[in-house]
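Asker: Here it is: the structure, laid out below.
The values are calculated or read from the model by the stated rules, or taken from the named source; none is laboratory data. The shown structure was predicted, so the numbers you read here are calculated from the model rather than taken from an experiment. Here Cβ is always computed from backbone atoms with ideal geometry, including for glycine, and neighbour counts include all displayed protein chains.
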Amino acid sequence: MAYLRFIPDVTNVDFVKWRYLAFAIDGLLLLVAIVSMWTNGFNLGIDFRGGVLLETKAAHTIEISQVRAKVGSRGLNDVQVQYVAGGACDTPVRSCVLIRARPEAGQSEDAAAASIKHKLGSEYIFRNTQVIGPKVSGELFRDGILATVLAVAMISIYVAVRFEWQYGIGALIATGHDVFVTAGLYAFTQLDFSINSVAALLLLAGYSINDTVVVFDRLRENRRKFKRMPLGELINLSTNQIATRTTLVSVATALTIIPLLFFGGPALFDFSAAILFGILVGTFSSTYVASMLLLYLPSVGGQIREPETATAS
């Protein structure tokens, strides 16, 4: 039975030819990430710098300016108030807000939470209260960064053992690149960097290496079939064979994240935005970072190296 195809089974793109343009785009992304981290830093959430977080609901429409005026008095620092949507918070519109604050020196987090509740009064119902001390937040931040670095390192070691050491270096750089650029998104946009952000970066590391391993596996398979094919042509052939699969998987994954972005509320917005951005970056890096690096590393399995003559046929 005939059916309509929007994407061909096998593409015919000279990926190797366009690698320099891809490197330039990638270099720009890395530069923006580095500058953003250097100048802006991360907008650490309550998880990583300590403080209190309260979600409150009222029977009437809440004005953020009024809540901020009541809460933002002496005894609290960095008071942030934002609307919460979804679930019971949609009726009436703007009836829920999320309040973040840090206590001043000498005041405990529990005292700060009690102070906020007292200032707002009984007309507000507090649906969720989180209190995190500075010691716990510092440990969470350190452990989160360590977990991310170890995950990338262990993934790269696995690839090096599973394939060859050149592939391990490509996987290390590609996966680390995806995590770093996505972390740069947090610094550039000043999205809250919380424990959910670490979860997003770890998830992206796994997603990125999945795409990269698919490319590497097809490269190894074609290497056995076409032993005298130049490496550049081999990369083009392998990448074109899995380009449709990679595109469809990325689109399908993105479609499952988009509802979380628009309807998941503020608690999931930062997480979902990072995942969507990371999917785009990961798809790009599996094609133009991981595999193209093999052109500049010692010969893989004795493959002929003629990258400049590589052209998709």
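Asker: So, in the stretch 204-239, how many residues would count as being touching a residue at least 60 places away in the same chain (Cβ under 8 Å) and buried (at least 19 other Cβ atoms within 10 Å of the Cβ)?
Answerer: Total meeting the criteria: 17.
Asker: Exactly one condition in (1) hydrophobic (A, V, I, L, M, F, W, C); (2) without any contact (Cβ under 8 Å) to a residue 12 or more places away in the chain; (3) within 15 Å of THR182 (Cβ to Cβ) is not met by VAL251; state its number.
Answerer: All conditions are met except number (3).
Asker: Does ALA187 satisfy the criteria of being crowded, with 20+ Cβ neighbours inside 10 Å, of a type in the set (A, V, I, L, M) and part of a helix (DSSP H, G or I)? Let's see the steps before the verdict.
Answerer: Numbers: crowded, with 20+ Cβ neighbours inside 10 Å: yes; of a type in the set (A, V, I, L, M): yes; part of a helix (DSSP H, G or I): yes.
Yes.
Asker: Look through THR247, THR256 and report the one residue that is within 20 Å of ARG19 (Cβ to Cβ) and either in a helix (DSSP H, G or I) or in the same structural domain as ASP143 (by TED's automatic domain parsing) (or both).
Answerer: Step by step, each of THR247, THR256 is checked, and only THR247 is within 20 Å of ARG19 (Cβ to Cβ) and either in a helix (DSSP H, G or I) or in the same structural domain as ASP143 (by TED's automatic domain parsing) (or both).
Asker: Here's a follow-up. I'm checking my understanding of the structure. Among residues of the stretch 267-295 that are within 16 Å of the chain's Cα centre (by Cα) and modelled with pLDDT under 80, which one is surrounded by the most Cβ atoms within 10 Å (Cβ to Cβ)? Explain how you work it out, then say what you get.
Answerer: Quick first cut of the stretch 267-295, residues within 16 Å of the chain's Cα centre (by Cα) only: 267-286.
Of the ones still in play, those that are also modelled with pLDDT under 80 are 267-268, 286.
On the way: ALA267: 16, LEU268: 17, SER286: 29.
Per the criteria, the residue is SER286.
Asker: Name the strands (runs of 3 or more DSSP E) wholly within the stretch 1-104 that hold at least 1 residues that are outside the structural domain of ILE235 (by TED's automatic domain parsing) and modelled with pLDDT of 80 or more?
Answerer: Output list reads 51-58, 96-103.
Asker: In the stretch 163-184, which residues are in a helix (DSSP H, G or I) and over 19 Å from GLY282 (Cβ atoms)?
Answerer: Initial filter on the stretch 163-184 (in a helix (DSSP H, G or I)): 165-184.
Of everything in the stretch 163-184, those that are in a helix (DSSP H, G or I) and over 19 Å from GLY282 (Cβ atoms) turn out to be TRP165, GLN166.
Asker: Additional query: Tally up the residues in the stretch 19-59 that are touching a residue at least 24 places away in the same chain (Cβ under 8 Å) and of a type in the set (Phe, Trp, Tyr), please.
Answerer: Result for the stretch 19-59: 3.
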